[in-house]
Amino acid sequence: GASGHSWAGARQYLRALQPDQLPWVIVLECVDRLGHHRKINGKVEQGSEIIQGHLEDLGYCGSWRRINAKHFYLPQSRRRIWGMFVRLWGFGRERQAEQLRRAWEIIDACQMRGPEPPRDLLRR
């Protein structure tokens with residue numbers, strides 16, 4: 001969608017949900033420029049920081065990574081920024097941080113290490 005409109009709609013949807021209806025995990029993908037600084041409402045911020053702040057207000061904790069599709073055995077170079085956010089209630093912050101760390105480790109393990117995909121990883 002147009003810059004900012006897709007997130008505005010998603011945020012409005014999430015805010016309309018009851019706490020027990022919110023998803024446990026939110027995974028976001030966007031153009032790499034989301035991580036760049038821009039002037040918004042007179043302040044210089046990253047779009048990713050703004051979205052992360054909105055999700056923290058809803059009780060989520062998470063992080064962003066820049067990932068290029070070519071590192072996952074795809075025949076194109078496509079740099080994107082990905083965010084992974086987990087609900088805090090029901091987990092302690094330490095447990096939630098561990099879950100995020102493990103999730104990013106799995107994604108890192110899937111990245112290209114040679115000419116062939118790691119067969120043992122694909123079997124899991």
What does the highest-first list of 62-71, 11-20 look like by mean Cβ count within 10 Å? 62-71, 11-20
Over the heavy atoms of TRP82, what accessible area does a 1.4 Å probe trace out, to the nearest 10 Å²? 90 Å²
Taking 0.36 nm per intervening residue step and subtracting the Cα-Cα distance, what contour gain separates ASN68 from TYR13 on full extension? 16.9 nm
Area of GLU94 that stays accessible when all protein chains are in place (1.4 Å probe, Å², to 10): 150 Å²
How far, in nm, would the chain grow between GLN21 and ASP108 when pulled straight, counting 0.36 nm per residue and subtracting the alpha carbon separation? 28.3 nm
Shape category assigned to the stretch 8-79 from the gyration tensor of Cα positions, a/c cut at 1.5: oblate
Interchain or long-range residues, amide H under 5 Å from SER63's placed H: MET84
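The values are calculated or read from the model by the stated rules, or taken from the named source; none is laboratory data. The model shown is predicted, which means the values in this text are computed figures rather than measured ones. Cβ coordinates were reconstructed from backbone atoms using ideal geometry, including for glycine residues, and neighbour counts include every protein chain displayed. Side chains included, ligands, DNA and RNA excluded: accessible areas come from the protein's heavy atoms. Shrake-Rupley method; radii C 1.70, N 1.55, O 1.52, S 1.80 Å.
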